[in-house]
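Working notes, beginning with the structure itself.
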Amino acid sequence: MVGTMASQRPDPPLPADRRRPVNRIAVNVLLDGLLAALSAPLARWLADPRGGLLHPLWFVAGGAITLIISGLPFRVQQQYWRFSGVGDLLNIAGASVASAILFALGLHITGFPIPTPTFPIIHALVLLTLMGGIRIIYRLSYRRTARRQASSQVILVGSDNSADLFIRAVERAPDPAFRVAGIVTQGRRQAGRRIHGIPILGHVEGMDDILARLDGHGGRPERLVITDAAFRGEDLAEIMQVAERRGLTVLRAPVLTDLTPADRLELRPVAIEDLLNRPQVGLDHDGMAALLGGRTVLVTGAGGSIGSELARQIAEYEPGRLLLLDHGEFALWQIDVELSERAPRLRRETILADIRDRARIEQVCAQYRPELVFHAAALKHVPMVEANPCEGVLTNVIGTRIVADAAARHGARALVMVSTDKAVNPSSLMGASKRAAEMYCQALDVEARTGDESGVMRCVTVRFGNVLGSTGSVVPLFRRQLERGGPLTVTHPDMQRYFMTVSEAVGLVLQASVRGTIRARAGSGTDTLLRSGGIFVLDMGKPIRIVDLARQMIRLAGLRPDQDVPIRFTGLRPGEKLFEELFHGREAPVATDHPGLKMATPRMVDRGAVGLAIDTLEAACRAEDTPAVLALIGSLVPEFAHNPTGDVRDMLADPTDAERTMTP
């Protein structure tokens with residue numbers, strides 16, 4: 001009885017999301033069947049006008065049945081009419097030909113004469129015309145309706161290929177929030193052509209004239225949308241300025257090739273990193289894998305901006321063990337948690353330690369015996385080090401020597417020291433302390449490369465400028481000030497700095513590590529310079545005025561500089577100078593075999609002399625004898641021109657000299 005009742009119980013209804021595809025397929029079958037039913041007598045009449053249109057009547061049913069059967073292998077009934085494209089039309093053509101052949105075969109089997117020899121061809125063409133035509137009409141009408149319903153009008157900026165992908169993504173959206181009114185491309189001979197019926201208005205260099213022309217015809221857009229991920233740097237900055245003058249918002253499209261049909265097309269603000277004119281530089285990933293794969297790697301300062309990015313990128317090359325060392329508990333915990341999610345199978349150790357603690361660093365190196373050491377730990381904030389000189393020197397100079405000596409004693413293959421452009425002609429104690437650390441590492445490397453190199457640790461020093469978004473940099477400061485409504489504070493209207501993204505800087509640090517160790521070819525120019533204590537210098541491009549950076553960040557927030565958000569000049573801080581340099585006057589830049597790396601012609605240093613000076617410096621720091629520390633740093637780094645009060649000193653006669661130093 002129970003079984004009988006259960007057998008009579010109706011099946012539960014399909015969920016709505018499962019019924020919808022079934023309903024759509026049923027509608028497609030019905031509509032295609034009606035079109036096929038119409039096409040058979042129509043094709044008969046076209047092939048033989050004297051034979052009549054509706055004789056015999058079973059032509060109608062036969063045409064519909066043969067099309068439904070022939071359409072199954074081509075999945076014609078499953079097509080989305082709204083997204084019909086070339087592939088769908090090809091399937092319709094295949095189904096039309098198969099249906100015409102099947103229909104003619106049916107006529108022959110039943111003994112009914114084929115009206116004319118050309119009837120199957122005409123039948124297939126009529127099917128293709130009716131079925132393909134109605135789909136095209138539906139798609140065009142849907143697109144026109146969607147464009148009318150869109151609330152805002154946009155202009156696309158980028159390549160023709162990226163514009164094509166963006167327009168297709170807009171057409172897929174069930175409720176597009178904007179209508180594409182025109183395209184501005186990077187091609188010079190594309191104006192007047194159309195992509196999906198949307199006109200190409202001109203080249204990006206004529207954006208101001210294009211917008212003026214649209215204003216005159218009442219076609220003013222509300223936004224400019226950057227569709228090409230490679231469109232950045234100076235060209236993007238110029239577009240931002242034009243948009244600001246015209247009162248338009250500039251947004252960036254997502255990476256269109258990563259979108260799926262289910263994803264929403266969401267625009268995002270332009271990132272400040274996009275305004276850097278930084279061409280992509282290929283990296284030697286095979287060399288990095290050979291350097292890092294399977295080895296025990298130690299990263300000091302692993303919780304900082306550079307150290308944490310080093311840990312991320314090193315983890316991608318599957319080291320045998322990654323040692324994360326930092327004296328800050330929270331920062332160390334953050335990168336450890338991140339790596340546990342990004343690389344859960346990676347063996348890693350979190351080590352709380354201060355690089356100034358000789359016994360602790362010695363114990364760490366003795367226990368883990370790292371083969372590679374990336375030394376990113378340092379005190380980098382210029383005014384902070386000026387206010388705490390002994391602490392800055394203990395960390396940047398003494399800490400560097402402690403790490404290098406301990407690593408060398410316990411069999412490290414190489415130590416890579418992260419330096420800064422502030423070490424060149426330093427005006428701050430931070431810069432001078434980093435130059436002193438450079439000198440010690442240079443001396444170690446000269447000693448290693450001029451003797452028997454087997455089993456001797458190499459020291460690779462890498463120097464670069466500011467990193468966008470790093471802890472203590474101007475970008476996070478400007479963002480916080482913007483959130484509060486301003487003003488944005490800039491020390492001086494003429495201040496310039498070199499900038500690079502953190503991921504790019506770290507990638508080039510790893511590249512320099514490869515070039516300085518396993519890829520240093522004997523007898524090459526790079527190897528000759530390394531043997532004399534050469535320093536790798538990242539190609540930072542052109543320096544950027546800080547006030548221009550502030551203005552760009554205000555524009556990126558959709559506001560107007562000096563009107564919506566003021567900019568206030570506060571004066572140079574202790575230790576600062578207007579222009580940073582990447583090379584000392586006696587360090588003529590030399591190109592390497594990698595476009596992102598240059599080398600500073602070395603200034604010879606003696607390890608014994610540097611070591612004695614640092615011994616005396618350490619004693620003064622431990623005794624907190626600040627005057628002695630300053631005097632000793634000054635004697636160790638003769639070019640140190642201390643600026644403790646923040647006086648405006650133009651260290652360069654011409655600001656463009658900072659750019660020329662990058663050219664060999």
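Rule-based calculations on the coordinates, nothing more; no lab input. Note that this is a predicted model, so its numbers are computed, not measured. Every residue, glycine as well, gets a Cβ built from its backbone with ideal geometry; the counts of neighbours run over all protein chains shown.
In segment 159-245, which trypsin sites (Lys or Arg not before Pro) are in a loop and have at most 15 other Cβ atoms within 10 Å, using DSSP for the loop call?
Listed in order of number, the matching sites are R188, R189, R193.
Could you give the length gained on full extension between R342 and Q563, defined as 0.36 nm per residue of separation minus the Cα-Cα distance, in nm?
75.2 nm
Taking amide H positions as placed in the peptide plane 1.01 Å from N, state which residues far from V460 in sequence (5 or more) or on other chains have amide H under 5 Å from it.
Amide H neighbours of V460: L415, V416, M417.
Among V242, V154, H196, which residue has its Cα positioned farthest towards the positive end of the charge dipole of segment 150-270, with +1 placed on the Cβ of Lys and Arg, -1 on the Cβ of Asp and Glu, and the dipole taken about the Cα centre?
Highest projection toward the positive end goes to H196.
Label segment 382-424 by shape, choosing from rounded, prolate and oblate, from the square roots a ≥ b ≥ c of the eigenvalues of the Cα gyration tensor; if a/c is under 1.5 it is rounded, and otherwise prolate applies when a/b is larger than b/c, oblate when it is not.
Cα axes put segment 382-424 in the oblate bin.
At R75 and R223, where each label point lies 7 Å from the Cα along Cα→Cβ, what is the point-to-point distance in nanometres?
So the two model labels end up 3.3 nm from each other.
For A641 and M384, FRET efficiency with R0 = 25 Å and r from the beta-carbon atoms, rounded to 0.05?
Computed FRET efficiency for M384 and A641: 0.80.
Which three numbers, in whole Å and largest first, are the semi-axes of the equivalent ellipsoid of segment 150-270 derived from its Cα gyration tensor as √(5λ)?
Semi-axes, largest first: 21, 15, 15 Å.
Work out the FRET efficiency for L612 and S503 from their Cβ-Cβ distance, taking R0 = 25 Å, and round it to the nearest 0.05.
In this case the efficiency is close to 0.05.
At q = 0.13 Å⁻¹, what log₁₀ I(q)/I(0) does a Debye calculation on the Cα points of segment 285-636 give, no solvent, two decimals?
-1.02
How many nm separate the modelled label positions at D284 and R246, each set 7 Å beyond the Cα in the direction of the Cβ?
Spacing of the two 7 Å Cα→Cβ label points: 4.6 nm.
May I ask you to list the residues of segment 384-408 whose amide nitrogen lies under 17 Å from a point 7 Å from Cα along the Cα→beta-carbon direction of A631?
390
If each of D209 and R268 carries a label point 7 Å out from its Cα toward its Cβ, how far apart are those two points in nm?
With each label placed 7 Å out from Cα toward Cβ, I get 3.5 nm.
Under 8 Å for C-alpha pairs, at least 6 residues apart: give me the relative contact order for segment 24-144, rounded to a whole percent.
Taking the mean separation of contacting Cα pairs over the length of segment 24-144, I get 32 percent.
Compute the FRET efficiency between I134 and W58 as 1/(1 + (r/R0)^6), taking r as their Cβ-Cβ distance and R0 = 22 Å, and round to the nearest 0.05.
0.35
Amide H neighbours of V490 under 5 Å, at least 5 residues apart or on other chains, H built in the peptide plane: list them.
R568, F569, T570
Identify the trypsin sites (Lys or Arg not before Pro) of segment 288-346 meeting these criteria: DSSP loop state and at most 12 other C-beta atoms within 10 Å of the C-beta.
Those satisfying the criteria are R345.
Can you compute 3J(HN,Hα) from phi for each residue in segment 553-562, using the Karplus curve 6.51 cos²θ - 1.76 cosθ + 1.60 with θ = phi - 60°, rounded to whole Hz and x for Gly and Pro?
Rounded to whole hertz, the list is 5, 5, 5, 4, 7, x, 10, 10, x, 6.
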